[in-house]
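The values are calculated or read from the model by the stated rules, or taken from the named source; none is laboratory data. Note that this is a predicted model, so its numbers are computed, not measured. When we count neighbours, we look across all protein chains shown, and the Cβ atoms used for this are built from the backbone with ideal geometry, even at glycine.
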Number of protein chains: 2
Amino acid sequence: MDAAILSFVAQYSSTLDTVFEALTDPTRRAVIRRLGGGPASVGELASEFTMALPSFLRHIRALEGSGLIRTRKTGRVRLCTLEHDRLAVVDGWLAEQRAIWESRTDRLEQHLREAKDD
Amino acid sequence: MDAAILSFVAQYSSTLDTVFEALTDPTRRAVIRRLGGGPASVGELASEFTMALPSFLRHIRALEGSGLIRTRKTGRVRLCTLEHDRLAVVDGWLAEQRAIWESRTDRLEQHLREAKDD
């Protein structure tokens, strides 16, 4: 493979590492679900989760670092938005796996049909 | 919520923790992809991955612990099989998120239509 493709593959793999890591935690998954319903400020989110603020902010930073959410300061408020496109890389990865095992199932079925015809 | 539902929710959340954790590693994702093409023995898999055997076996155990693969000893060989159903919990979780934000988009569109009609 040429260098550009290798670099793309490495970047995709590293994105998957970070996104899956962000999804390992129930609080972070709950924040994603909450933001699915619409943007919210860090303050609003923090009030909905019974957790010490520093721990909660660590989760917000982890989500931001993974690219799953975006935060933007407007005045004195920091607004969080869900980044659907980043979550879509998980969809993409799952679709790849499904394509692999479905093509295997097709090959098995064809093999069985041919064996029957013989 | 009653105790049975709470216990189910807790178990589902803990399954998601473990499955996402298993997927954070590129070697483990590559093993899943490989097993999508059909079962393979631990020996066959180990020979395809350039990694010290003890490290590789740790990945296999992590995958088995997450329920994403099953291993079964037949004679002197340990055969690994992909557990599609366990990977499907990720599909399920993604579908939930999508349902949340699609219903939000629908509400926004309806709101805009009503505002236009006024």
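Some notes on this structure:
- Within the range A:21-32, if we keep just the residues that are surrounded by fewer than 19 Cβ atoms within 10 Å (Cβ to Cβ) and touching a helix residue (DSSP H, G or I) at 6+ places or on another chain (Cβ under 6 Å), the residue that is nearest to A:ARG86 (Cα to Cα) turns out to be A:THR24.
- Taking the criterion of being under 16 Å from B:ARG29 (Cβ atoms) and part of a strand (DSSP E or B), the residues of the range B:80-93 that qualify are B:CYS80, B:LEU82.
- Single residue of B:THR18, B:THR105, B:THR27 found to be over 22 Å from A:ALA10 (Cα atoms), among the hydroxyl-bearing types (Ser, Thr, Tyr), at pLDDT 95 or above and not in a loop (DSSP other than H, G, I, E, B): B:THR18
- Figure legend. Inter-residue proximity from the range B:92-109: first residues at the interface with chain A (Cβ under 8 Å from one of its Cβ atoms), second residues not in a helix (DSSP H, G or I), beta-carbon distance below 6 Å, spacing 6+ or different chains. Indicated pairs: B:ILE100/A:GLY37; B:ARG104/A:GLY37; B:ARG104/A:GLY38.
- Among the residues of the range B:66-79, the one identified as more than 14 Å from chain A (Cβ to nearest Cβ), under 28 Å from B:SER13 (Cβ atoms) and either in a helix (DSSP H, G or I) or touching a residue at least 40 places away in the same chain (Cβ under 8 Å) (or both) is B:GLY67.
- Filter result for the condition that a residue is assigned to a helix (DSSP H, G or I), more than 14 Å from chain A (Cβ to nearest Cβ), buried (at least 18 other Cβ atoms within 10 Å of the Cβ) and of a type in the set (A, V, I, L, M, F, W, C), over B:LEU57, B:LEU63, B:LEU45: B:LEU45
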